[in-house]
Amino acid sequence: MRFIATIASLVLACAAMLAATLAPSAAEFEKNIMTGGPQGTYIRIGRDLAGLGAECGQTLNVLESAGSLENFVGVRNRRNTQFGIVQSDVLEYLKTYEANDPEIQKAVHGVRIMFPLYNEEVHLLARKEIATPKDLDGRKVGVGKADSGTFLTASLVLDILRVNKAERVKIGADEALEKLLAGEIDAFFYVAGAPAKLFEDLRIDPTKFHLVAMNEEPLKATYTPTRIAAGTYPFMAGDVDLVAVKAVLMTFDYDKTRNAYHRQSCKAVADFSSLLISNLDRLKAEGHPKWKSVDLTDLPPGWQVGVCVKEGMALDYKLDCAGAEPAAKSGEEEYLDLLKKRLNAGQ
């Protein structure tokens, strides 16, 4: 595909940039999660997790980023960055080309699954005259920043449908919306869990713009078919059928025997694994609406779950914070035991 070399070079570029941020450990140990843009769903999920940590006396810094690829490399190379949210098609892409590409092999080494999260919809906001993705031929289309998951997904969608004459503009969703409203582009892709705050903008005139349906069989064969219900965004008058990818929480496979940094990072991963599992029902009730669809057993194929994650999932794990919910309450033990077995299957 035309973007394979681009993605491989981006992996190296991100790795080099993030490696430059490595610095000696500060006196106070840091915990960070890489998310996405200020109006996306990733950052709101990160803030929900940070809220759980705060109640436990643990600070989790929620970092903005360009998206999935930067997050993946950040977990691999950025110091004190134990968590990152990544699209499943980015993971699938990396896994597909890992065997024959030493650069990608190096980039994925040590990166592990923490938990699968929710399906995130592939939004395509466009002028009303654009009825299908194939109508993007000859148009200017925002495809996300070059180190974002949206960029990979948009590139795949356009290539799968053989939309070869579209001008692919590498800009983030916030900038893309402004350019669409100003008439400087004709459409833009944005992969985000609905409802995404960006599309709540009342300047999106329903007489001029709409979400483009994605019903093409080649797309449904590659991605998960889904639907955004009428009224999800102010400009929507009816349901729209789309496709979706899975958002996955990633971490690194820290070795507690290696040094103090790995030991502290492993404890952070174990603590937040325990916090998430113990409070999943609460997150579904009080957090971002996407928590309601989280299935922690729906693991992407080909990826291993981190050792420190499994440590935090243990029924006898002792979470080091006052007032935390115990991991093995009556009625939860059977579920947690099943979850452990599912995550360990095939490892």
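See the values below:
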quantity	calculated
Of the criteria (1) touching a Gly at 6+ places or on another chain (Cβ under 9 Å); (2) assigned by TED's automatic domain parsing to the domain that holds VAL307, which one LYS197 fails	(2)
Strands (runs of 3 or more DSSP E) contained entirely in the range 175-260, each with at least 2 residues that are of a type in the set (Val, Ile, Thr) and either over 25 Å from the mean Cα position of the chain (by Cα) or surrounded by 14 or more Cβ atoms within 10 Å (Cβ to Cβ) (or both)	224-228, 240-252
Among the candidates ALA50, ALA15, ALA8, residue that is within 21 Å of the chain's Cα centre (by Cα) and at pLDDT 90 or above	ALA50
Residues that are within 14 Å of LYS318 (Cβ to Cβ), free of Cβ contacts under 8 Å to residues at least 60 places away in the same chain and of a type in the set (A, V, I, L, M, F, W, C), drawn from the range 263-281	ALA270
Those residues of the range 138-160 which are assigned to a loop (DSSP other than H, G, I, E, B), in contact with a helix residue (DSSP H, G or I) (Cβ under 9 Å, 6 or more places away or on another chain) and under 18 Å from HIS210 (Cβ atoms), in sequence order	none
Within the range 124-160, considering residues that are within 15 Å of LEU219 (Cβ to Cβ) and of a type in the set (D, E, K, R), the one farthest from the chain's Cα centre (by Cα)	ASP135
Search result, residues across the range 79-112 that are under 28 Å from GLN58 (Cα atoms) and surrounded by 24 or more Cβ atoms within 10 Å (Cβ to Cβ)	THR81, GLN82, PHE83, GLY84, ILE85, VAL86, GLN87
Neighbours by Cβ (under 8 Å, 6+ apart or cross-chain): first from the range 234-253, closer than 23 Å to PRO300 by Cα and free of Cβ contacts under 8 Å to residues at least 24 places away in the same chain; second assigned to a strand (DSSP E or B) and charged (D, E, K, R)	none
Breaking point among (1) in contact (Cβ under 8 Å) with a residue 40 or more places away in the chain; (2) within 17 Å of PRO116 (Cβ to Cβ); (3) not in a loop (DSSP other than H, G, I, E, B), for LYS284	(1)
Cβ pairs under 9 Å, 6+ apart, first in the range 205-221 and under 14 Å from PRO133 (Cα atoms) and outside the structural domain of ALA194 (by TED's automatic domain parsing), second modelled with pLDDT of 95 or more and surrounded by fewer than 14 Cβ atoms within 10 Å (Cβ to Cβ)	none
Filter result (touching a residue at least 60 places away in the same chain (Cβ under 8 Å) and among the hydroxyl-bearing types (Ser, Thr, Tyr)) within the range 64-79	SER68
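The values are calculated or read from the model by the stated rules, or taken from the named source; none is laboratory data. Everything numeric here is computed off the predicted structure, so don't read it as measured data. Here the Cβ is made from the backbone with ideal geometry for all residues, glycine too, and neighbour counts use every protein chain on show.
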